[in-house]
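Okay, structure first, notes after.
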Amino acid sequence: MAFWLCDKEVQELAKGIIEKYHPHLLEARVAFLFNDKRKVNGNHIILGTAKRISKEDKLLSKFDFKIVLSAEDWADLTTKQKQALMDHELSHCDVERVAMTEIVGGKKKPVKDKYGRKIYTEEVKVDDDGHSKWKLRPHDFENFTHIAERYGIDTASIIGGYLPVEPPVKAEKSDDDTPKAAVKAPEAVAAKK
């Protein structure tokens, strides 16, 4: 499998989505990569993945997260679907926050919501060097509610991180929102396995 850095179009798309919807990621260092092989998990095509860079790997890399997109499928997505997919993958990238606490019976305990989940403050956790601590955020459902609100449930179901393998899903295209030609790996950059 070959990987290469995404082009400027993808970088600019991500930058705009971060500024508009994910300002907590403005200081995060995110690598955006294409891969040349379609990944399939069960009956689903994986359109993209987000991963937090481990402490060990940070010694070799300047990044906090990496987002890997399927080049084969990216080219077939409409602009709206590309935005939804990028927003979805960026939604996995999150900052760790300090839990809200209260004193109960003389002991400090986390405050929880009605479902038993911890409630967090806006204060960001930092590492020993004073840098933000990052984490991966799981799905709210098989997507994120804000992706469905922003792009519609039909797009959210297509871009939920994967597509059903059978039957192939073809997005409806409008005159001003046609997919571009397939994304090809730059020969000099793509590392072959």
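Mind checking which residues of region 90-115 are β-branched (Val, Ile, Thr) and not in a loop (DSSP other than H, G, I, E, B)? Spell out how you get there, then give the answer.
Within region 90-115, the subset β-branched (Val, Ile, Thr) is 95, 98, 101, 103-104, 111.
Across region 90-115, the qualifying residues are VAL95, VAL98, THR101, ILE103, VAL104.
When residues of region 53-75 are filtered for being farther than 14 Å from PHE34 by Cα, more than 14 Å from the chain's Cα centre (by Cα) and among the charged types (D, E, K, R), how many remain?
The total comes to 5.
Condition (residue is more than 24 Å from TRP134 (Cβ to Cβ) and either exposed (fewer than 12 other Cβ atoms within 10 Å of the Cβ) or at pLDDT below 95 (or both)) applied to region 45-68: is it met by at least one residue?
Scanning region 45-68 turns up at least one residue that is more than 24 Å from TRP134 (Cβ to Cβ) and either exposed (fewer than 12 other Cβ atoms within 10 Å of the Cβ) or at pLDDT below 95 (or both).
Given the conditions (1) assigned to a loop (DSSP other than H, G, I, E, B); (2) over 25 Å from LYS118 (Cα atoms); (3) touching a strand residue (DSSP E or B) at 6+ places or on another chain (Cβ under 8 Å); (4) not acidic (Asp, Glu), which single one is not true for LEU60?
Only one criterion is unmet by LEU60, namely (3).
Got a sec? Which of ASP87, ASP76 is touching a residue at least 12 places away in the same chain (Cβ under 8 Å), in a helix (DSSP H, G or I) and crowded, with 17+ Cβ neighbours inside 10 Å? Talk me through it step by step, then tell me what you get.
On the way: ASP76 fails: in a helix (DSSP H, G or I).
Only one candidate passes the filter, namely ASP87.
Condition (residue is hydrophobic (A, V, I, L, M, F, W, C), within 15 Å of ALA84 (Cα to Cα) and part of a loop (DSSP other than H, G, I, E, B)) applied to region 38-52: is it met by at least one residue? Spell out the reasoning first.
Step one: of region 38-52, the residues hydrophobic (A, V, I, L, M, F, W, C) are 40, 45-47, 50.
From what's left, within 15 Å of ALA84 (Cα to Cα): 46-47, 50.
Those still in the list that are part of a loop (DSSP other than H, G, I, E, B) too: 47.
There is at least one residue in region 38-52 that is hydrophobic (A, V, I, L, M, F, W, C), within 15 Å of ALA84 (Cα to Cα) and part of a loop (DSSP other than H, G, I, E, B).
The values are calculated or read from the model by the stated rules, or taken from the named source; none is laboratory data. Worth saying up front: this structure is predicted, and the values here are computed from it rather than measured. With ideal geometry, Cβ positions are generated from the backbone for all residues, glycine too; neighbour counts draw on all protein chains shown.
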